[in-house]
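Structure record follows, encoded as structure tokens.
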Amino acid sequence: LLVGDFPVNHDHPVMLLRSWITGTQVIPRFSLTGFSLTMFAGFPANSLYSMGTDLLVCGVKLLGLGLPSWETAYCWALFLFVLSYPLGLYALGRRFAGPWAGLVAGVLGLVDRGLWFQSGWDFNLNWGVWSMGLSFSMCLFAYLALDRLLARPSPTALAATAFCIGFAVLCHPMAVAILGATLPLLVLAKALYGRLGAPGLWLPRTVAAVTLGIGLAAFWLLPFVT
């Protein structure tokens with residue numbers, strides 16, 4: 001991936017085409033959604049499918065000042081995703097149970113083969129459905145950011161929590177269900193362990209972060225649900 005060797009198996013070519021459509025046809029019209037005749041018989045670009053991976057590929061190409069080819073930018077974005085999952089597991093494990101727990105979790109996450117619809121490197125890299133895997137990774141970082149926000153008020157932690165939530169949803173709408181169920185559980189667990197103060201201290205900033213995160217993805221999420 002680092003040398004730009006583009007994977008051609010299963011969904012990867014379609015994911016590359018979507019990123020190219022986003023970067024060359026949709027964004028130049030100052031929009032993130034639109035319609036394209038390039039794919040199939042014409043489809044609503046970024047309206048039926050989540051666009052998080054497309055935006056990441058476009059961002060990598062932008063950071064490269066447009067010099068990397070679309071194939072190379074895709075490979076580098078995919079490499080960042082490969083790193084994101086074990087790093088998210090490591091960061092969470094380290095925060096909640098120490099560095100050894102984080103290291104074991106990260107290694108297990110990296111070598112997990114998985115199966116169809118079970119994440120793991122087979123589903124994400126062989127089948128190329130890494131938009132769902134990237135969404136899961138962003139959910140992990142959302143837990144980490146929220147835990148820091150609950151522990152200490154900080155504009156940086158609030159912004160990080162909101163960004164991770166919003167980008168997780170933009171990568172895959174399943175994040176709405178995952179975060180909707182697990183973020184309250186995280187707050188409940190900390191409350192049961194006596195690690196939260198009065199609700200007036202942490203609840204407003206928590207609600208603000210979640211609301212802002214959903215708001216960042218609302219331009220795509222609401223039409224998609226409709």
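The values are calculated or read from the model by the stated rules, or taken from the named source; none is laboratory data. The structure displayed is predicted, hence computed values, not measured ones. Quick reminder, even Gly has a Cβ in these numbers, built from the backbone with ideal geometry, and neighbours come from all protein chains shown. Surface areas here come from the heavy atoms of the whole protein model, side chains and all, with no ligands, DNA or RNA. Shrake-Rupley method; radii C 1.70, N 1.55, O 1.52, S 1.80 Å.
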remark   = The size of the Cβ-based charge dipole (Lys, Arg +1; Asp, Glu -1) of the range 105-205 about the Cα centre, to the nearest 20 debye, is 380
Sequence of L62, L144, L80 when ordered by accessible area, the most exposed leading, probe 1.4 angstrom = L62, L80, L144
note = Neighbours of L125 by Cβ distance under 15 Å: Lys/Arg at +1, Asp/Glu at -1, summed charge -3
inquiry  = Percent of Cα-Cα pairs more than 22 Å apart in the range 73-198, please.
reply    = 37
remark   = Carbon and sulfur atoms account, in whole percent of the 1.4 Å probe accessible area of the chain, for 73
request  = Treat every Asp and Glu Cβ in the range 15-154 as -1 and every Lys and Arg Cβ as +1, leave all other atoms uncharged, and give the resulting dipole magnitude about the Cα centre to the nearest 20 debye.
outcome  = 320
Listed residues R195, R29 arranged by accessible area, highest first, probe 1.4 Å = R195, R29
query = To one decimal place, what orientation-averaged projected area in nm² is obtained for the convex hull of the Cα set of the range 1-115?
reply = 9.1
ask   = Probe 1.4 Å, all protein chains in place: accessible area of V82 in Å², nearest 10?
value = 40
inquiry  = With a 1.4 Å probe and all protein chains kept in place, how much accessible area does Y90 have, in Å² rounded to the nearest 10?
reply    = 80
request  = Can you work out the accessible area per residue across the chain, with the rest of the protein chains kept in place, probe 1.4 Å, in square angstrom?
outcome  = 52
ask   = In square nanometres, what is the average projected area of the Cα convex hull of the range 104-175?
value = 5.2
ask   = Which sequence of I178, I165, I214 reflects their accessible areas, 1.4 Å probe, from the largest down?
value = I214, I178, I165
